[in-house]
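The values are calculated or read from the model by the stated rules, or taken from the named source; none is laboratory data. Every value quoted in this text rests on a predicted model; they were computed, and no experiment measured them. As a convention, Cβ positions derive from the backbone with ideal geometry for all residues, glycine included, and neighbour counts pool all protein chains shown.
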Amino acid sequence: MTISKQITRITSTPKLMFLVDALGAMVSFMSLMLLAMLEPLFGIPAQVLYLLATIAIGLFAYSFCCHRFIKINWKPFLRIVMVLNTSYLVVSFSLVLRHFGLIKPLGFAYLILELFVVVWVISLEYRTLKNQY
């Protein structure tokens, strides 16, 4: 199955979109916990990484519960996921600005990669909403 077909399948199946979001949040959580152990290498303060990891695990729990339990009327829940993901980006960006002088090139690389991935997931969530009139 091509990537295009997989994306179409995800955006046409809200339950699958919630699962993708949950898995992405879990990957973020695990990555942030790893980065906290490697603070000298990435330069992002551990307390910042732990805060972001806490948010990520909360997003995982919400999205996974939506995947498991929402059968009908899923649109408001997906909108909430989109708002939470966007809020996560705002918090991340504000923390980067606050600790800009400490962050090393590898830290910036990770944060930029995460930014692109989360924006891409939000765009898939938007497509999911638009595909389901």
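Lys71 meets all of the listed conditions (1) surrounded by fewer than 16 Cβ atoms within 10 Å (Cβ to Cβ); (2) outside any helix (DSSP H, G or I); (3) at pLDDT 95 or above but one, namely (3).
In the range 17-44, what residues are touching a residue at least 40 places away in the same chain (Cβ under 8 Å) and either more than 22 Å from Ala109 (Cα to Cα) or assigned to a loop (DSSP other than H, G, I, E, B) (or both)? First the steps, then the outcome.
Of all residues in the range 17-44, those touching a residue at least 40 places away in the same chain (Cβ under 8 Å) come to 17-22, 24, 28, 31, 35, 41-44.
Those that are touching a residue at least 40 places away in the same chain (Cβ under 8 Å) and either more than 22 Å from Ala109 (Cα to Cα) or assigned to a loop (DSSP other than H, G, I, E, B) (or both): Met17, Phe18, Leu19, Val20, Ala22, Gly43, Ile44.
In contact with a Lys or Arg (Cβ under 7 Å, 6 or more places away or on another chain) and either farther than 22 Å from Tyr126 by Cβ or not hydroxyl-bearing (Ser, Thr, Tyr) (or both), is that true of Phe69? So Phe69 fails the test. What residue, among those in the range 97-133 that are within 17 Å of Pro40 (Cα to Cα) and free of Cβ contacts under 8 Å to residues at least 24 places away in the same chain, is farthest from the chain's Cα centre (by Cα)? The selected residue is Gly101. Check Leu95, Leu106 and return the single one that is modelled with pLDDT under 95, surrounded by 14 or more Cβ atoms within 10 Å (Cβ to Cβ) and either within 16 Å of Leu32 (Cα to Cα) or not hydrophobic (A, V, I, L, M, F, W, C) (or both). The match here is Leu95. Of all residues in the range 69-80, those that are at negative phi and of a type in the set (Val, Ile, Thr) have Cβ atoms under 8 Å from Cβ atoms of residues that are modelled with pLDDT of 95 or more and surrounded by 13 or more Cβ atoms within 10 Å (Cβ to Cβ), 6 or more apart or on another chain, in Ile70/Phe18; Ile70/Phe77; Ile80/Tyr62. Only a single item in (1) over 22 Å from Gln6 (Cα atoms); (2) modelled with pLDDT of 95 or more; (3) buried (at least 18 other Cβ atoms within 10 Å of the Cβ) is not met by Val90, and it is number (3).
Could you list, in sequence order, the residues of the range 109-123 that are closer than 14 Å to Leu23 by Cβ and surrounded by 18 or more Cβ atoms within 10 Å (Cβ to Cβ)? Write out each step before concluding.
Taking the range 109-123 first, the residues closer than 14 Å to Leu23 by Cβ are 117-118, 120-121.
Of everything in the range 109-123, those that are closer than 14 Å to Leu23 by Cβ and surrounded by 18 or more Cβ atoms within 10 Å (Cβ to Cβ) turn out to be Val118, Val121.
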